[in-house]
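Okay, structure first, notes after.
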Amino acid sequence: MNYYAGIDLGGTKTYCVIIDEKGNILSREKIKIGTDRKIEPVLDIVCECYKAAIAGANLTENDIFAVGMAVPSAVNTEKQILLNAPNLGWKNIKIGEIMSNKLNKPVFVDNDVNLGTFGEYTFGKAQKYKNVYGIFVGTGVGGGYIHDGKLVRGAGFTAGEIGHMIVKQGGTMCNCGNQGCLEAIAGKVGIIKHIERKIEEKGKTTKLDEISPNWRNSVGASALHKAIKSKDKLTIKAVERSAEAIGVACSNIINTIGIDAIILGGGIIEELGDIYLPIIRLTIQECSMANGGSNFPIIISELADDAVALGAAWQAVEIYSQK
Ligand SMILES: [Zn+2]
């Protein structure tokens, strides 16, 4: 039996799974990355997490056949170059070669949401469809596009960057430098900005001050949920606005590329689904052309934290098991 590792390197933590060649997860490991975002210390933590996951599965490094790795960046998958990871401050890094040397294994690197969508597609309810789009809503908004059962990366390796689809011309400034991107409205970053703006403009108050005092810097989806439950108007409005924007983006995808289903995942969807999903469904119905949005299949992610790492590991299985 061959075994594979899947690594999910995020902006705040690294997560690793070990799987067998059937896709069963044998172990999981998670380690926070510190405030030092230089490449070497971060990759040292990634290696530590990888080794701990192997030990957790009662295996040795020799048992691992190949590794898949997900990074929060567009990746030139042919040359295995990480192009731009704003949350880590990394650009143009030969990540595949570096990791392969460190782990002494074949390593395949790709964008995290591509691999998350691939994981959900391979192991979740979306399997029965051929063309699906995954949208993950958390701090930011990411996406992945599967056509004919295969990930589409595009000529510039940016296919699936739905977070930077402009849904409001002249709208809120996005971290990417454009205005009115989906992420700047619908991601947690956008939700926070909207609440701040309403407080500034209209002198309103929010219960988030008590629920999560540091909310302006970072707020969990569970804190937003609590604020909604306690009928905090600013939070309710900001989350509804986020859901509408995601609904508009879904309709844009349905109208332009004609997919069979959409997979929705990420912290906001998992935690706020009750208020979020009905708005998305309604917006899709209203905005999709030629009745394309009525009863459109929306699949909620089932793999949660495992999606990206499992997708990464399974990509390694598909690429290296034949070689
Ligand atoms: Zn943007």
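The values are calculated or read from the model by the stated rules, or taken from the named source; none is laboratory data. These numbers come from a predicted model, not from an experiment. Methodologically, a virtual Cβ is constructed for each residue, glycine included, from the backbone with ideal geometry; neighbour enumeration extends over all protein chains shown.
Assigned by TED's automatic domain parsing to the domain that holds Ile228 and modelled with pLDDT of 95 or more: which single residue out of Ile146, Ile162 fits that description?
None of the others qualify; the one that does is Ile146.
It is to be established whether one or more residues within the stretch 232-250 are more than 22 Å from Leu282 (Cα to Cα), more than 15 Å from the ligand (Cβ to nearest atom) and either touching a Ser or Thr at 6+ places or on another chain (Cβ under 6 Å) or free of Cβ contacts under 8 Å to residues at least 60 places away in the same chain (or both).
Here is the first cut: in the stretch 232-250, the ones more than 22 Å from Leu282 (Cα to Cα) are 232.
Subsequent filtering for residues that are more than 15 Å from the ligand (Cβ to nearest atom) retains 232.
Now drop any that are not either touching a Ser or Thr at 6+ places or on another chain (Cβ under 6 Å) or free of Cβ contacts under 8 Å to residues at least 60 places away in the same chain (or both), which leaves 232.
So far as the stretch 232-250 goes, yes, one or more of its residues are more than 22 Å from Leu282 (Cα to Cα), more than 15 Å from the ligand (Cβ to nearest atom) and either touching a Ser or Thr at 6+ places or on another chain (Cβ under 6 Å) or free of Cβ contacts under 8 Å to residues at least 60 places away in the same chain (or both).
Being away from the ligand (no atom under 11 Å from the Cβ) and closer than 19 Å to Leu88 by Cα is the requirement here; does Lys193 meet it? Quick ask: steps written out before the conclusion?
Values: away from the ligand (no atom under 11 Å from the Cβ): yes; closer than 19 Å to Leu88 by Cα: no.
So Lys193 does not fit the description; no.
Report every pair of residues separated by at least 6 positions or lying on different chains whose Cβ atoms are under 6 Å apart, first residue within the stretch 73-91 and in the same structural domain as Glu40 (by TED's automatic domain parsing), second crowded, with 16+ Cβ neighbours inside 10 Å and of a type in the set (Asp, Glu).
Hits for this filter: Val75/Asp110; Thr77/Asp110.
Can you name the residue in the stretch 136-179 that is out of contact with any helix residue (DSSP H, G or I) (no Cβ under 6 Å at 6 or more places or on another chain), part of a strand (DSSP E or B) and within 11 Å of the ligand (Cβ to nearest atom) and is also nearest to Ile192 (Cα to Cα) among such residues?
By that ranking, first place goes to Met173.
In the stretch 77-97, what residues are modelled with pLDDT of 95 or more and touching a Leu at 6+ places or on another chain (Cβ under 7 Å)?
Answer for the stretch 77-97, where residues must be modelled with pLDDT of 95 or more and touching a Leu at 6+ places or on another chain (Cβ under 7 Å): Asn92, Ile93, Ile95.
Any idea which residue in the stretch 279-297 is modelled with the lowest pLDDT, counting only those that are surrounded by fewer than 15 Cβ atoms within 10 Å (Cβ to Cβ) and of a type in the set (A, V, I, L, M, F, W, C)? Break it down stepwise before answering.
As a first pass, look at the stretch 279-297 and keep what is surrounded by fewer than 15 Cβ atoms within 10 Å (Cβ to Cβ): 282, 286, 289-291, 294-295, 297.
Pick out the ones that are also of a type in the set (A, V, I, L, M, F, W, C) and you get 282, 289-290.
Working: Leu282: 93, Met289: 80, Ala290: 74.
Among residues in the stretch 279-297 that are surrounded by fewer than 15 Cβ atoms within 10 Å (Cβ to Cβ) and of a type in the set (A, V, I, L, M, F, W, C), the one modelled with the lowest pLDDT is Ala290.
Among the residues in the stretch 126-136, are any modelled with pLDDT of 95 or more, under 19 Å from the mean Cα position of the chain (by Cα) and not assigned by TED's automatic domain parsing to the domain that holds Arg153?
No, the stretch 126-136 has no match at all.
Checking Lys105 against (1) in contact (Cβ under 8 Å) with a residue 24 or more places away in the chain; (2) of a type outside the set (Val, Ile, Thr); (3) assigned to a helix (DSSP H, G or I): exactly one of these is not met. Which one?
(3)
Out of all the residues in the stretch 107-120, is one or more closer than 24 Å to Ser251 by Cβ, surrounded by 15 or more Cβ atoms within 10 Å (Cβ to Cβ) and out of contact with any strand residue (DSSP E or B) (no Cβ under 7 Å at 6 or more places or on another chain)? So that I can check it myself, show each step before the final result.
Filtering the stretch 107-120 for residues closer than 24 Å to Ser251 by Cβ gives 111, 113-114, 116-118, 120.
Of the ones still in play, those that are also surrounded by 15 or more Cβ atoms within 10 Å (Cβ to Cβ) are 111, 113-114, 116-118, 120.
From the residues that got through so far, the ones that are out of contact with any strand residue (DSSP E or B) (no Cβ under 7 Å at 6 or more places or on another chain) too are none.
Looking through the stretch 107-120, none of the residues is closer than 24 Å to Ser251 by Cβ, surrounded by 15 or more Cβ atoms within 10 Å (Cβ to Cβ) and out of contact with any strand residue (DSSP E or B) (no Cβ under 7 Å at 6 or more places or on another chain).
Is there any pair linking a residue in the stretch 172-188 that is at positive phi to one that is more than 6 Å from the ligand (Cβ to nearest atom), with Cβ under 6 Å and at least six apart or on different chains, and which?
Going by the 6 Å Cβ cut-off, the qualifying pairs are Gly180/Ile166; Gly180/Lys168; Gly180/Gln169; Gly180/Gly171.
With (1) in contact (Cβ under 8 Å) with a residue 60 or more places away in the chain; (2) farther than 20 Å from Ala313 by Cβ; (3) within 16 Å of the ligand (Cβ to nearest atom) as the list, and Lys130 as the residue in question, which single condition is left unmet?
Unmet condition: (3).
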